[in-house]
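I have placed the structure first, in the form of structure tokens, so that the comments after it can refer back to it.
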Amino acid sequence: PPKKGHVLFETGYGPSGLPHIGTFGEVARTTMIRRAFEIISDIPTRLLCFSDDMDGMRKVPENVPQQELLYANIQKPLTAVPDPFGEFDSFGNHNNAMLRRFLDTFGFDYEFASATDYYKSGKFDEMLMLCAERYEAIMAIMLKSLREERQQTYSCFLPIHPETGRVLYVPMKHVDAKNGLITFDDEDGREWTLPVTGGKVKLQWKPDFGMRWAALDVDFEMYGKDHSTNTPIYDGICEVLGGRKPEHFTYELFLDDQGQKISKSKGNGLTIDEWLSYASTESLSYFMFLKPKTAKRMHFDVIPKAVDEYHQQLRAYPTQDVAKQIDNPVWHIHNGAPPESKMVVSFAMLLNLASVAQAHDKDGLWGFIRRYAPEASPETHPDLDAAAGFAVRYFHDFVAPKRVYRLPTDQERAAIADLRDRLAAWDGGLDAEALQSLVFAVGREHGFEQLRDWFKALYEVLLGASEGPRFGGFVALYGVAETIALIDRGLSGDLAG
């Protein structure tokens, strides 16, 4: 065990804007690694979520109110910027509260730390005095990474202006290592001398990373690929200050639907609350688990797939041996004790059902679900009940506006009419597999070389989309008579009209 008696996992967070899903992902993934470590070790662990809330606000986020108020406070520490929402004593504390609220909804076991608190309370004072003593060594590491022009004005220390309260990016005229004092000229050319302790000065963000690792004796921290080139800098500064560099894990970034990096200041991509408006927390954790070394687009279209894949993994878990169970994402999501999936109907199927049933609430879907799965009810299948509600909301917000029905070609019309007639004569009950075989047979007999084209025709003519569920399963859920009526509307042109 480390001298401190525990292993410290850390995540860092810049509260310059509203928290986005990437922020959550960092904590979720770190928690998964922490749990795995706890399985193979008896050393106690802690998870510290550290907020860099003393950073100067360099840009005004586009997705928050009172822009003029924020512009008037540009370059002040985030915990000195007024809250544009009027709910907290600063913008930094507002964003910290949003992050904590969300982490709490997921039940994360973490401790929260504020850079403002650590700087002002003196928790970093000893390390900041050491930074003054080893200023030249820190600057040597930093200057190697900077362009020549930037080298002329760079300092690892950022003074907080005693009058304006702004974070100053100015060169140092003198660093008094013995007394822990820095001397500099402000932007108006006035000379000031400040102690590096007591929250009068903070460190630039790269040296701050390494200093924090040394000060807290951090053992593990992960961060995005955009930080990866800085890893030698963070490690070097940590070691210059007498610390031991932590273990790292670098993950790829999240992108929006246009392939652009998700940004707190732009507010692009999915927000935490948006995902949870359409799917469960577990589906989001599942998305975070997958392929962390691969850049992933994170937009509304990924939600249904994540929901259904999560439940597929839940259903597979009891059938797997121990090695496969530990590889299964649900082991990591549920800390080794995954629940049973009660999703007897897939999320994709619920979306299509919401479409054809014109459902306005989940109660409109339950009549179909009960007929398909008589043992199911909202009380016995709460995950299915929640998914039904999510599906209706998702359908109305995203699927309905994009639906485009079309008329069938002559070949498609003949096949769909044949399917209608065979369904009218069907006496096989609501057996999804038997109905799927029937649909396959019709497609083959009507000369569709690629059966994918046959199913695509069914989806486009009857559901207004190019993709859809296993059609036999859809018929079993929606009902044979109801599907016949839907086909009649598709063939008559009512849907396309």
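The values are calculated or read from the model by the stated rules, or taken from the named source; none is laboratory data. Not measured: the values here are computed from a predicted model. No Cβ is skipped: glycine too gets one built from the backbone with ideal geometry, and neighbour counts run over all protein chains shown. Side chains included, ligands, DNA and RNA excluded: accessible areas come from the protein's heavy atoms. Shrake-Rupley method; radii C 1.70, N 1.55, O 1.52, S 1.80 Å.
Ignoring everything but the protein chains, give the 1.4 Å probe accessible area of THR281 in square angstrom, nearest 10.
40 Å²
Check which residues have an amide H placed less than 5 Å from GLY224's amide H, if you skip close sequence neighbours.
TYR251
When only C-alpha pairs under 8 Å and at least 6 residues apart count, what is the relative contact order of the chain, in percent? Let's see the in-between values first.
Working: 782 pairs, mean separation 56.4, N = 497.
Once divided by the residue count of the chain, the mean separation gives 11 percent.
Leaving ligands, DNA and RNA out of it, report the carbon-plus-sulfur percent of the accessible area of the chain at a 1.4 Å probe.
Details: 11260 of 22540 Å².
Using a 1.4 Å probe with all protein chains present, the chain comes out at 50 percent carbon and sulfur.
Whole-Hz ³J(HN,Hα) for each residue in region 409-421, computed from phi via Karplus 6.51 cos²θ - 1.76 cosθ + 1.60 with θ = phi - 60°, x for glycine and proline: what do you get?
Each residue of region 409-421 in turn: 6, 4, 5, 5, 4, 5, 5, 5, 5, 5, 4, 4, 5 Hz.
Scan around VAL7 for amide H atoms under 5 Å from its own, H built in the peptide plane at 1.01 Å from N, and keep only partners 5 or more places away or cross-chain.
Amide H neighbours of VAL7, under 5 Å, 5+ apart: THR45, ARG46.
For the modelled label position 7 Å from the Cα of SER277 along Cα-to-Cβ, which residues of region 386-424 have backbone nitrogen atoms closer than 18 Å?
Backbone N within reach: 387-402.
Tell me, in nm to one decimal, what length is gained between ILE74 and LYS324 on full extension, where the rule is 0.36 nm per residue of separation less the Cα-Cα distance? Don't skip to the end; give the middle numbers.
Numbers: separation 250, 0.36 × 250 = 90.00 nm, distance 5.17 nm.
Additional length available on full extension: 84.8 nm.
I'm spelling it out carefully: the read-out is Cα extents along the principal axes in Å, the candidates are [x] 103, 53, 49; [y] 94, 52, 41; [z] 78, 57, 34, and one was derived from this structure. Which label?
[y]
For region 277-364, what relative contact order do you get, as a whole percent, if you take Cα pairs closer than 8 Å and at least 6 residues apart? Walk me through the intermediate numbers first.
Numbers: 54 pairs, mean separation 25.0, N = 88.
Relative contact order, region 277-364: 28 percent.
Classify region 1-149 from the C-alpha gyration tensor, please: rounded if a/c falls under 1.5, else prolate or oblate depending on whether a/b exceeds b/c. Walk me through the numbers on the way to the answer.
Numbers: a/c = 1.97, a/b = 1.16, b/c = 1.70.
Oblate, since a/c reaches 1.5 and b/c is not below a/b.
Counting only the backbone N, which residues of region 233-254 are under 16 Å from the spot 7 Å out from the Cα of ASN63 toward its beta-carbon?
Counting only backbone N, you get 254.
At 222 nm, what value in deg cm²/dmol follows for the chain if DSSP H runs of at least 4 each add -39500 (n - 2.57) and the sum is divided by all its residues, to the nearest 500?
Values: 22 runs with 224 residues, N = 497.
For the chain, the value works out to -13500 deg cm²/dmol.
Could you give the dipole magnitude of the chain about its Cα centre, charging the beta-carbon of Lys and Arg +1 and that of Asp and Glu -1, in debye to the nearest 20? Please list the in-between numbers first.
Values: 54 positive and 71 negative charges, 150 e Å.
In debye, rounded to 20, the chain gives about 720.
Ordered by residue, what ³J(HN,Hα) values in Hz, to whole numbers, does region 236-248 give under the Karplus form 6.51 cos²θ - 1.76 cosθ + 1.60, where θ = phi - 60° and Gly and Pro are x?
x, 5, 4, 6, 4, 8, x, x, 10, 4, x, 6, 10
Less than 17 Å from a label point 7 Å out along the Cα-to-Cβ axis of LYS173: which backbone N atoms in region 194-223 qualify, by residue?
Once the point is set 7 Å along Cα→Cβ of LYS173, 194-196 turn out to lie under 17 Å by backbone N, inside region 194-223.
What are the ³J(HN,Hα) values, in whole Hz, obtained from phi via the Karplus relation 6.51 cos²θ - 1.76 cosθ + 1.60 with θ = phi - 60°, for each residue of region 4-14 in sequence order, with x given for Gly and Pro?
Each residue of region 4-14 in turn: 6, x, 8, 9, 9, 9, 10, 10, x, 9, x Hz.
Considering only DSSP beta bridges where both residues belong to the chain, give the percentage that are antiparallel (nearest 5).
So the antiparallel bridges amount to about 45 percent of the total.
How much accessible area does LEU407 have with a 1.4 Å probe, in Å² rounded to the nearest 10?
Accessible area, nearest 10 Å²: 100 Å².
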